[in-house]
Amino acid sequence: MSTPGQTTIIIGGASGIGWATAQLLAGRGNTVIIADLDGTAAGTRATELGANTAGHQVDVTDEQAMRTLFDTVAADHGPIDTVVDCAGISHPGTIADLSLADWKATVDVCLTGAFLTVKHAAHTMRDGGSIVLVASLNGRQPGVGMGAYCSAKAGVLMLTEVAAMELAPRGIRVNAVNPGFVHTPLTHGATLVPGLVEEYIENTPLGRAGTPADVARTIAFLTSGDTGWMTGAAIDLNGGAHTMRYPNIVERVADMTATSTDTA
Ligand code: NAP
């Protein structure tokens, strides 16, 4: 169980995995601060949670905005106990075809955002706190057409280990979760590609995709005293998909395009 009374910042907290985590931790008595690119959505979500919460606009790639977020929350709510970074985007495309802009955008949000999260958490959170970074199955399992995302998430896993070493003297634990395919707004586009989710599930021993609540429960576990001896770790959370192979997104999209051209 996560510890009631903690102050928790969830970046990317207005949607998907972040929102499920916000609801779970608020239900367990945490003060939950929802920070998201869309400040209106963050505010609306905070209102839905009720008391002991606030919503903030932040771009996880903007260092000044991140500094302001952490300083403001510390001033308003006192020492920060837990920080969760759920901000993420994905721009699929083979390496040969991916634009530099799409590569940079993905690495910026997924990896530089995680760096800025750890950096400013380290400056403002209390000793003995906990940071959780949402990495991915794709940080350890490659997928065709996933070069930018896979590379950024692999970077998050190494960042987790280095941060764990550097912050251990203060008792701050840094861990990651590696979700497989989870139904959220981020993956909605993939559900529109015929056969893609089915291919993921065929390569998943437990035979289903994940839910945001599946991931939220593991994040809550990592923020709790139950994992007080765990740092620099990454929990695979994917129905066993890491034991098999990732779907070929490029082939599936090409099949879809060919089918729609044939029927046009
Ligand atoms: P989601 O529902 O799209 O949530 C991601 C949130 O991050 C959104 O609220 C999004 O805001 C926000 N965000 C995007 N760019 C941002 C920025 N520059 N600054 C601040 N916030 C930003 O997706 P999700 O599936 O819950 O993803 C959560 C995390 O899990 C991500 O790190 C993702 O890579 C990771 N993950 C997801 C899956 C999956 O299958 N869903 C699998 C493995 C890992 P907007 O909606 O306004 O853009």
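The values are calculated or read from the model by the stated rules, or taken from the named source; none is laboratory data. Not measured: the values here are computed from a predicted model. Every residue, glycine as well, gets a Cβ built from its backbone with ideal geometry; the counts of neighbours run over all protein chains shown. Heavy atoms of the whole protein, side chains included, go into the accessibility calculation; ligands, DNA and RNA do not. Shrake-Rupley method; radii C 1.70, N 1.55, O 1.52, S 1.80 Å.
One Cα centroid belongs to segment 145-222, the other to segment 1-49; the line between them spans 18 Å.
Mind putting a number on the dipole of the chain about its Cα centre? Charges go on the C-beta only, +1 for Lys and Arg and -1 for Asp and Glu, and I need it in Debye to the nearest 20. Walk me through the numbers before you get to the answer.
On the way: 14 positive and 25 negative charges, 119 e Å.
For this selection, approximately 560 debye.
Karplus-derived 3J(HN,Hα) values for segment 121-126, using 6.51 cos²θ - 1.76 cosθ + 1.60 with θ = phi - 60°, are 5, 4, 6, 10, 8, 6 Hz; glycine and proline are entered as x.
For Gly128, nonlocal amide neighbours, meaning residues 5 or more places apart or on other chains whose placed amide H falls under 5 Å from its own, are Gly171, Ile172. In segment 61-179, a dipole from Cβ-located charges (positive for Lys and Arg, negative for Asp and Glu) runs towards its positive end, and of Gly78, Ala122, Ala105 it is Ala122 whose Cα lies farthest in that direction.
Per residue, how large is the accessible surface of the chain? Use a 1.4 angstrom probe and give square angstrom. If you can, show how the numbers build up before the last one.
Details: 11590 Å² over 264 residues.
Roughly 44 Å² per residue, with all protein chains present.
Structure remark: mean-square fluctuation, Gaussian network model of the chain, C-alpha springs under 10 Å; the largest value among Ala209, Ala51, Ala74 belongs to Ala51.
Under a 5 Å amide H cut-off, with hydrogens placed 1.01 Å from N, Arg140 pairs with nothing among residues at least 5 apart or on other chains. Between the listed residues Thr184, Gly232, Thr40, the Cα displaced farthest toward the positive end of the dipole of segment 7-263, a dipole computed from Cβ unit charges relative to the Cα centre, is found at Gly232. Compute log10 of I(q)/I(0) for the chain with the Debye formula, placing one identical point scatterer on every Cα and leaving out solvent, at q = 0.07, 0.08, 0.17 Å⁻¹, to two decimals. One equal scatterer on each Cα of the chain leads to -0.24, -0.31, -1.31.
Converting phi to 3J(HN,Hα) with the Karplus coefficients 6.51, -1.76 and 1.60 and the offset θ = phi - 60°, segment 22-35 yields 4, 5, 5, 5, 5, x, 9, x, 7, 7, 10, 9, 9, 10 Hz in sequence order, with x at every glycine or proline.
A straight chain from Arg170 to Asn52 at 0.36 nm per residue would run longer than the Cα-Cα distance by 39.8 nm. Scanning residues 5 or more positions from His56 or on other chains, those with amide H under 5 Å from its amide H are Ile34, Ala35, Asp36, with H placed 1.01 Å from N in the peptide plane.
Residues in segment 43-60 carry Karplus couplings, in order, of x, 5, 4, 4, 4, 4, 6, x, 5, 6, 7, 7, x, 9, 7, 7, 9, 5 Hz; the curve used is 6.51 cos²θ - 1.76 cosθ + 1.60 with θ = phi - 60°, and Gly or Pro positions show x.
According to the Kirkwood relation over distinct C-alpha pairs, the hydrodynamic radius of segment 66-134 is 13.4 Å.
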